[in-house]
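Q: Here it is: the structure, laid out below.
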Amino acid sequence: MSGFRYSYALNQWRQSPTSFVRLEDHERAFKTLSVSGFRAVELWAGTGRWSNLGRPEHLRLNYGSSAGFVGRLAECGIDAVSSLTWDPSAPAAEEGFDLRSTSRPADHARILAAVDPYLDLLTELGCDRIVVRATEPAGRIGADLDVGAVASVLERIGSAAKDRGVRLAADIDCLSPLRDAAGIASLLDSTDPDLVDLSLSTADLVVAGEDPVAIARRHVDRIGHVHLKDSHFVDSENAYLLPGAEVDMLQGNAGRRIERWFFEFGSEAGLVDAAAVLGVLGESDYSGWVVLESDQSPEPATSAMLNAWYLTHIAAAGFRAAARTEEPAR
Amino acid sequence: MTWKRWSYMDHWITGTPQGPRQPTFNRNHTERYLRQLETLGFTGFDTFGFTLPIYASLYGSVPAFERALQDHGFVGLTGVFAAYPYATDFAAPHRRETHDRIFADFERTAAAVDGLAVENVIVMPTNTYFQVEPVTDETIKITAELWNRVGAMLAPRGLNLTCHFEFWGAIRTEDELALFFEHTDPELVGFFCDTAQHTIAGVDPLALFRRYRDRCRGFHFKDTQRVDDFDAYRTAPDAELMATGVPRWFYEMGTPEGLVDFPALMREILDSGFDGWLTVEHDKADLGGGNFAEATAVAKWYIDNVLDSVRGGAA
Amino acid sequence: MKWSYMDHWRSPSPNGPIDQWQTYDSMDRFLKQVAAVGYDAIDTFDHRYFTIIDQYGSVANYQEFVQERGLERIVNTFHAAAYDQRNYAPHIASTHDNILEDFRVTMDRWSGIQLDNIIVMPATLYYDMEPVTEDKIKTTAELWNKVGAITLDAGVKLTCHHEFFCGIQSKEELDTFYAYTDPALVNLFVDTAQHCIASVDPVEFYEKYADRVTGFHFKDTRHQDLVGDYRRRPDAELMGTTTPRWFHEMGDEGGLVDFEAFMRAVVRNGYDGWLSVEHDKANKLGGDHAESTAIARWYAKNVLEKVAREEAAK
Amino acid sequence: MIRWSYAINQWKPSFDDFTRRRDHERALRVISISGFTGVELTTGTGRWEPLGNPDQLAANFGSAAGFADFVHDAALEAVSSWFFDPLLGFREDLSGPADPADPAAHDSVVSHATWFAEALAELGGEVLVVRPTASAWQRPELDDAVIDTIAACWNDVGRAIAPLGIRLALHFDFLSALRSHDGLERLLAATDPALVGFSVDTGEFAAAGLDPVAFIEAHPDRVAHVQLKNAAAVDDDDEYLRRNAEHHVKKGGGEKPVPRWFLELGVAAGIVDAEAVVRALVSHGYDGWVTVESDLSPHPPTSAMLNGWYLQHVLQPITAAS
């Protein structure tokens, strides 16, 4: 079997600004994931005292120190923080709500400054992966994206990360102007493989009309991180170009009015072939993380358990001992 | 008497296919939200400064959103709330070096609501207590300088600057409040009475209103079931959601366990001649299985069926 | 050490909260979640029979559906009867024929699979049995001795689960009841929370009757009934004055049951049957069955199973 | 004159929900503040149904009058109506399901209906709304003898409760046996117009592929009650004939599937023209309660408020103009 490990993203547990703030809520999520068979979690960057796992200073305050956090995770049956996702263009109070774009060279120095505290945190947490959103949504940047500028800042972040033993994986999401096969290839061709990996996000690829298996095969040597989640829909109308695509498309404000795109595995309408993706990773010598998500789920705990069941029984014989090969009869 | 000017402070969580989210999830949810408020009979709508861009993106512009409010029977956007709950290098009212930045933020807010129905710009005048302490006369005076300056900028634009004091903020006791008001210009810096926050901080909101009646610009009508008698206000990083043993501080008015005497306050308001907005706020009403729609309906029921019966000139 | 999950469940749907029996899909998702966090089997209510026949054709077919999702089998059923002094009351002998017939029918319905236990609340609501006398308990015991013989004929143990609001719930009432029942026919099913609410120490009580115990509901509570809620009319379970929510999953903060001590007792007494986890009304006050089920299984795996190993090694 | 009430049914999605006094108080206040003046109860049985029948009202509020005070305290005028399905059966008197198609069950139906009507009279109510017969999958045949038996049962009930000042309204739903074999019209013809009225449930009519306005126009004198709700879809594949359709079709969504059959008034996805219904009622001088429902809503307070919005902004202007 291959050498990759599974992790679970915590992002969806925080559904509203005031949710997932108390430490007992964190603890319940950790335990839910642990007992479902996941031994690592992915953090995501945020802002404010209520996004208190998403800012280094708040995480330290809550748990006394980074080590205190790691200790608490261990007590809950979580061995590692696999990774942290970070969007350089997301404004944060702690950074004076600075608005930055990876596509604007003038912003790059500030992006590098902003990532620094996160790299410190990851080092303290023993985590070697930062997943960086490569671009802003297409609808915000406009048509002419300077791929070279994006590549340049990713390389610089990648280099700073490498200095601390952390690798960068570029996240190209379904709203990115680089979301299709050509866009992904252009970014990878423009970046140094020593500094920038690809974060393969299966659901985002499906939404973008791409086959995640084909993309995985094509760039198997560059994959440094995997987000494994399912989607029920393809954005066949290019709604990602709408100016407010985060809401217009992903929250059904416009167009086809689809209010939920991403799903846990195992539903009939799912478009991602998880077993095939894992097969490609298994055949290669991929040794990073495969991170499952409850993204957009109304019940993140339920989605985590269903994803665990699906891995165990359908998609990944190695996830848990008791493996099964076919979907149960209905 | 029937008070005509009830506004609703824009906290709300509703069910979506992605779980509980704010109504700005999309325009359809926003419309459903506004219809529910309209049904209950609110005519004022207060929101957060940081939500204005979201409404602008959903409706095309902030004025377009105000027109949508008016289509739903509101007089318009009546108040804007601005806050820096967490001290940063960029925003800390007790540190002079951040004042220019904060002042500039308020210039932008003022521009954003220019020409709208907005009467009050409500601010949280300080950051979390634990980041400011020790709270001294000096920190309060520096804070007062900032708000005098912001108030002076807003006043000519027809906007009242008014200060809303959190139980976990760095101005919370009667003495701290007194010092702050002593150092701020009554014409430029108003008082905003949040019934629950003061009660939690151990300060009687009714007494405060009597004392600062002349500079009171509005109220948040909300209740609490608990006084902070165990220094929860100093909880780091946050006292509002993370205080030990208190997962929920705030409740809608009309709950039997509530500590605030709303009829008495109402009587006092009627007697005082106050003629501004009375605002209903439901902060975190979803905690512990609660829900915003129901909390808002039963609070407005309480207004129509209990507070409307209150008469002034008692005893 | 094998864990079974008792079928209390709610999940959201487009038309409000539903239980897992709503559709094949909701059952499928329920069973997969239970299996995913490492439960080995499920318990159910025998009144689900009608839904089972409607949706799955037979009890055996339903069990197969369960097994296809990675769970071993159905271990126990709970016989939730509508007690009424007029026709179905264990302390009133004239109603016994009716009750006995009910059990003959029930055992026949479930004969397609092998169950370990059929669980009953052995008495009516407390207020329907008051005053609770030795005579009434004796009459009750006579009934369950006869029922136990019927179930044993069907290869299933009869076992008694004492709700805090039923007519046999205090230490004295329990002792009287077990003195009058035949150990070969009438067993005990210890619900940790129910006894705790009734101010009966679950560990002591279990130790005393360990040789008659054929199962457990591992669940927690944050409240003892100190105000007489157990005899509150018309209802104690949902409408009690103490709390709107009596039951919590084990492993959550604020719980009153000492599960570690309980687990040690289970091991010390050489119990080798199934351990059942129950989340009764876990959705109250903003709770969520899915999460509670994971948290409880986490606690079983990471705390109780370790304690059990320690105790076994002694 | 039309009076507006709201059905409390959906506040209890599961058997162990909505049992505590606080829940009831809050639901009534939501209904009141949303602009309704009455509440419609649904029959239920057992200790977890405090609002389910007169015995439970007595157990929880002392008496029907005690409950009436509770309703008035919430600023509602009355319990407009009570929905009664005789096939439910009642633990309170150990009665099993009573089938109006079974002559032997008629006494039971009449006595239970009277039990509710007496309480309703005390609660300021006017209409006993009943489910007249079983579902289509339970009664696929509907010959004249069956229709006559059902009609006789409801004639008897109407006669029994009329002296209490309570009208009887037979409620048609989209799973009803009356949906096939022209059952609705035949039952209408077989019952005594002086004793037996009908309840027009707009959502149920629409889901059954029937036009509620056409029914009102055709039988204005028989309309004794209206339940106003929107529908999302028409059961045009006759799924109502499926075994246990309540479960598989109404709640489970059927084969399509339909996630939720009934919606709030006025929403774009709905197929009921509530304005036309109210215009038809007004044009015939309908004088009685219209009960709006949150049937199948995931969030009853929100549905009540959205329906309240529609009432205040769309429907009441129609009645005010008449």
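Q: Could you give the size of the charge dipole of the range B:6-309 about its Cα centre, using +1 on the Cβ of each K and R and -1 on the Cβ of each D and E, expressed in debye and rounded to the nearest 20?
A: Numbers: 25 positive and 45 negative charges, 147 e Å.
Computed about the Cα centre, the dipole is about 700 debye.
Q: Another question, then. Which of D:Ala214, D:Phe174, D:Val71 sits closest to the plus end of the dipole of the range D:2-321, meaning its Cα is farthest towards the positive end, when Lys and Arg get +1 and Asp and Glu get -1 on the C-beta?
A: My answer, from the dipole projection, is D:Val71.
Q: Express the accessible area of chain D per residue in Å², computed with a 1.4 Å probe while the remaining protein chains stay in the model. Mind dumping the intermediate values first?
A: On the way: 10870 Å² over 322 residues.
For chain D, the per-residue accessible area is 34 Å².
Q: Moving on. Between D:Ser14 and C:Val227, what's the calculated FRET efficiency when r is the beta-carbon distance and R0 is 35 Å? Round to 0.05.
A: Efficiency, from the Cβ-Cβ distance: 0.85.
Q: Give me the summed buried accessible area for the A-C pair, 1.4 Å probe, to the nearest 100 Å². Walk me through the intermediate numbers first.
A: Working: alone 13680 and 13280 Å², together 24490 Å².
About 2500 Å² of accessible surface is lost on pairing.
Q: If you don't mind, another one. What nm value, rounded to one decimal, do you get for the distance between D:Ala218 and A:Glu283 when each label is placed 7 Å out toward the C-beta?
A: 6.5
Q: Another question about this same structure. As an exercise, take the mean of 1/r over every pair of distinct alpha carbons in the range D:1-78, invert it, and state the Kirkwood radius in angstroms.
A: Result for the range D:1-78, one decimal place: 12.6 Å.
Q: Further, regarding this structure: Could you rank the peptides C:134-142, D:127-135, A:214-222, A:152-160 by their average count of other C-beta atoms within 10 Å per residue, with the highest value first?
A: The densest-packed peptide leads the list: D:127-135, A:152-160, C:134-142, A:214-222.
Q: Of C:Lys171/C:Lys306; B:Lys284/C:Lys306; C:Lys2/D:Lys12; C:Lys284/D:Lys250; C:Lys32/D:Lys229, which sit over 28 Å apart, Cα to Cα? Before the final figure, lay out each step's value.
A: Working: C:Lys171/C:Lys306 31 Å; B:Lys284/C:Lys306 39 Å; C:Lys2/D:Lys12 36 Å; C:Lys284/D:Lys250 25 Å; C:Lys32/D:Lys229 36 Å.
Too far apart for the 28 Å limit: C:Lys171/C:Lys306; B:Lys284/C:Lys306; C:Lys2/D:Lys12; C:Lys32/D:Lys229.
Q: Taking all protein chains as present, what is the carbon and sulfur share of the accessible area of the range D:2-321, in % to the nearest whole number, probe 1.4 Å?
A: On the way: 5370 of 10620 Å².
Its accessible area is 51 percent carbon and sulfur atoms.
Q: With the other protein chains left in place, how much accessible area per residue, in square angstrom, belongs to chain A at a 1.4 angstrom probe?
A: Each residue of chain A exposes 34 Å² on average to a 1.4 Å probe.
Q: Considering only C-alpha atoms, what is the centroid distance from the range C:233-252 to the range B:276-315, in Å?
A: Using only Cα atoms, the two centres lie 28 Å from each other.
Q: Over the whole of A:18-24, what's the average partner chain Cβ count within 10 Å per residue? Rounded to a whole number, please.
A: Taking all residues of A:18-24 together, the mean is 6.
Q: Can you list the residues, at least 5 places off or on another chain, whose amide H is less than 5 Å from the amide H of A:Val290, using H built in the peptide plane?
A: A:Arg5, A:Tyr6, A:Ser7
Q: Please name whichever of B:Ala232, B:Leu146, B:Gly76 sits farthest to the positive end of the charge dipole of chain B, dipole taken about the Cα centre and charges placed at Cβ: Lys and Arg +1, Asp and Glu -1.
A: Of the options given, the answer is B:Gly76.
Q: Hey, can you grab everything whose amide H is under 5 Å from the amide H of B:Val280? Only 5+ residues off in sequence or another chain; H modelled, so Pro and N-termini drop out.
A: Those qualifying (amide H under 5 Å, at least 5 residues apart or on another chain) are B:Ser7, B:Tyr8, B:Met9, B:Phe221.
Q: Can you compute the charge dipole magnitude of chain A about its Cα centre, using +1 on each Lys and Arg Cβ and -1 on each Asp and Glu Cβ, nothing else charged? Give it in debye, rounded to the nearest 20.
A: 700
Q: Provide the per-residue ³J(HN,Hα) series for the range B:193-204, in order, calculated from phi with Karplus coefficients 6.51, -1.76, 1.60 and θ = phi - 60°, each as a whole number of Hz, with x at glycine and proline positions.
A: Residue by residue, the range B:193-204 yields 9, 9, 4, 6, 4, 5, 4, 4, 6, x, 10, 6 Hz.
Q: For the protein assembly as shown, build the charge dipole from Cβ charges (+1 Lys, Arg; -1 Asp, Glu) around the Cα centre, then report which of C:Cys196, D:Ile2, A:Ala109 sits farthest towards its positive end.
A: Selected residue: A:Ala109.
Q: Something else now. For the range C:2-313, what % of the accessible area comes from carbon and sulfur atoms, probe 1.4 Å?
A: 46
Q: So if R0 is 60 Å, what FRET efficiency would A:Leu23 and D:Leu87 give, r being the distance between their Cβ atoms, rounded to the nearest 0.05?
A: 0.70
Q: Follow-up question, since we're still on this one. Just tell me how shielded B:298-307 is by partners: mean number of partner chain Cβ atoms within 10 Å of each residue's Cβ, no decimals.
A: Whole-number average of other-chain Cβ neighbours for B:298-307 is 4.
Q: Also: Explain nothing, just the number: dipole magnitude of the range A:60-193 about its Cα centre with +1 on each Lys and Arg Cβ and -1 on each Asp and Glu Cβ, in debye rounded to the nearest 20.
A: The dipole of the range A:60-193 has a size of about 120 debye.
Q: Once each part is reduced to its C-alpha centroid, what is the distance from the range C:127-142 to the range C:260-277 in angstrom?
A: Comparing the Cα centres of the range C:127-142 and the range C:260-277, I get a distance of 30 Å.
Q: Over the Cα atoms of the range B:6-309, compute the convex hull volume and normalise it per residue, giving Å³. Please list the in-between numbers first.
A: Values: hull volume 39.2 nm³, N = 304.
So the per-residue hull volume is 129 Å³.
Q: Can you give the Rg and Dmax of chain D based on its C-alpha atoms, in angstrom?
A: Over chain D's Cα set, Rg and Dmax evaluate to 18.2, 50 Å.
Q: May I pose another question? In the range D:33-60, what residues drop by 20 Å² or more in accessible surface going from the chain by itself to the full protein assembly, probe 1.4 Å?
A: Correct list: D:Ile33, D:Arg47, D:Trp48, D:Ala59, D:Asn60.
Q: Residue by residue through the range B:114-119, what is 3J(HN,Hα) from phi via Karplus (6.51 cos²θ - 1.76 cosθ + 1.60, θ = phi - 60°)? Round to whole Hz and write x for glycine and proline.
A: Calculated HN-Hα couplings, in order: 4, x, 8, 7, 4, 9 Hz.
Q: A further question on this structure: Which order do peptides D:13-22, D:271-280 fall in by mean Cβ count within 10 Å, highest first? Could you put the intermediate results ahead of the total?
A: On the way: D:13-22: 16.2, D:271-280: 20.1.
Peptide ranking by packing, descending: D:271-280, D:13-22.
Q: Right, something else. If only Cα atoms are counted, what is the Rg of the protein assembly as shown, and what is its Dmax, in Å?
A: In Å, with Rg to one decimal and Dmax whole: 32.2, 93.
Q: If you don't mind, there's one more thing I want to ask. Compare each residue of the range A:32-53 in its chain alone against the assembly with all protein chains, and report those whose accessible area goes down by 40 Å² or more; 1.4 Å probe, heavy atoms.
A: Hits at the 40 Å² cut-off: A:Val35, A:Arg49, A:Trp50.
Q: How well do other chains shield peptide A:277-286, expressed as the mean number of their Cβ atoms within 10 Å of each residue Cβ? Write out the running numbers ahead of the final one.
A: Values: counts 0, 0, 0, 0, 0, 0, 0, 0, 0, 0.
Counting other chains' Cβ atoms within 10 Å and averaging over A:277-286 gives 0.
Q: Take every Cα pair under 8 Å in chain A that's 6+ residues apart, average their separations, divide by the length, and report that relative contact order as a whole percent.
A: Relative CO of chain A lands at 18 percent.
Q: Could you sort A:Glu210, D:Glu204 by their accessible area in this structure, using a 1.4 Å probe and putting the largest first?
A: My answer, sorted largest first, is A:Glu210, D:Glu204.
Q: Can you list the HN-Hα couplings for the range D:295-305, worked out from phi with the Karplus curve (6.51, -1.76, 1.60; θ = phi - 60°), rounded to whole Hz and with x for Gly and Pro?
A: 2, 6, 6, x, 8, x, x, 5, 4, 5, 5
Q: While we're looking at this one, here's another question. May I ask you to give the percent of accessible area on the range B:6-309 that is carbon plus sulfur, with a probe radius of 1.4 Å?
A: 47
Q: In addition: Using a 1.4 Å probe on protein heavy atoms, which residues of the range C:229-264 have at least 30 Å² less accessible area in the complex than alone?
A: Buried by the other chains: C:Pro234, C:Asp235, C:Leu238, C:Met239, C:Glu253.
Q: Could you compute how much accessible area chains D and C hide from each other, both sides summed, with a 1.4 Å probe? Nearest 100 Å² is fine.
A: Buried: approximately 2400 Å² between C and D.
Q: Here's something else I'd like to know. Quick one: accessible area per residue over the range C:2-313, 1.4 Å probe, rounded to a whole number of Å²?
A: Each residue of the range C:2-313 exposes 34 Å² on average to a 1.4 Å probe.
Q: To the nearest 100 Å², how much accessible surface do chains A and B hide from each other in total, with a 1.4 Å probe?
A: Numbers: alone 13680 and 13110 Å², together 24260 Å².
Chains A and B together bury approximately 2500 Å².
Q: So if R0 is 60 Å, what FRET efficiency would C:Asp108 and A:Ser236 give, r being the distance between their Cβ atoms, rounded to the nearest 0.05?
A: Once the sixth-power term is evaluated, E becomes 0.60.
Q: OK, next. For the range B:237-315, which trypsin sites (Lys or Arg not before Pro) are in a loop by DSSP, counting at most 14 other Cβ atoms within 10 Å?
A: Details: sites: B:Arg248, B:Arg267, B:Lys284, B:Lys300, B:Arg311; in loops: B:Arg248, B:Lys284, B:Arg311.
Listed in order of number, the matching sites are B:Arg311.
Q: Let me ask another. Hey, what D do you get for chain A in µm²/s if you plug the Kirkwood alpha-carbon radius into Stokes-Einstein at 20 °C and 1.002 mPa s? Write down the numbers at each step before the final one.
A: Values: Rh = 19.9 Å.
The estimated diffusion coefficient comes to 108 µm²/s.
Q: If you take every DSSP beta bridge whose two residues both sit in chain B, what share of them, in percent to the nearest 5, is antiparallel?
A: Of the beta bridges lying entirely in chain B, close to 15 percent run antiparallel.
Q: Quick one: Cα centre-to-centre distance for the range C:53-116 and the range D:239-261, in angstrom?
A: Taking the Cα centre of the range D:239-261 as reference, the centre of the range C:53-116 is 27 Å away.
Q: Obtain the nm distance between the two label points defined at B:Phe48 and C:Ala313 by a simple spin-label model: each point lies 7 Å from its Cα along the Cα-to-C-beta direction.
A: Computed distance between label sites B:Phe48 and C:Ala313 equals 5.1 nm.
Q: Considering only the other residues whose Cβ falls under 12 Å of the Cβ of D:Ala177, what net charge follows from Lys and Arg at +1 and Asp and Glu at -1?
A: -1
The values are calculated or read from the model by the stated rules, or taken from the named source; none is laboratory data. Predicted, not measured: the structure shown is a model, and the values here were computed from it. Here the Cβ is made from the backbone with ideal geometry for all residues, glycine too, and neighbour counts use every protein chain on show. All accessible areas refer to the heavy atoms of the entire protein, side chains included, with ligands and DNA or RNA removed. Shrake-Rupley method; radii C 1.70, N 1.55, O 1.52, S 1.80 Å.
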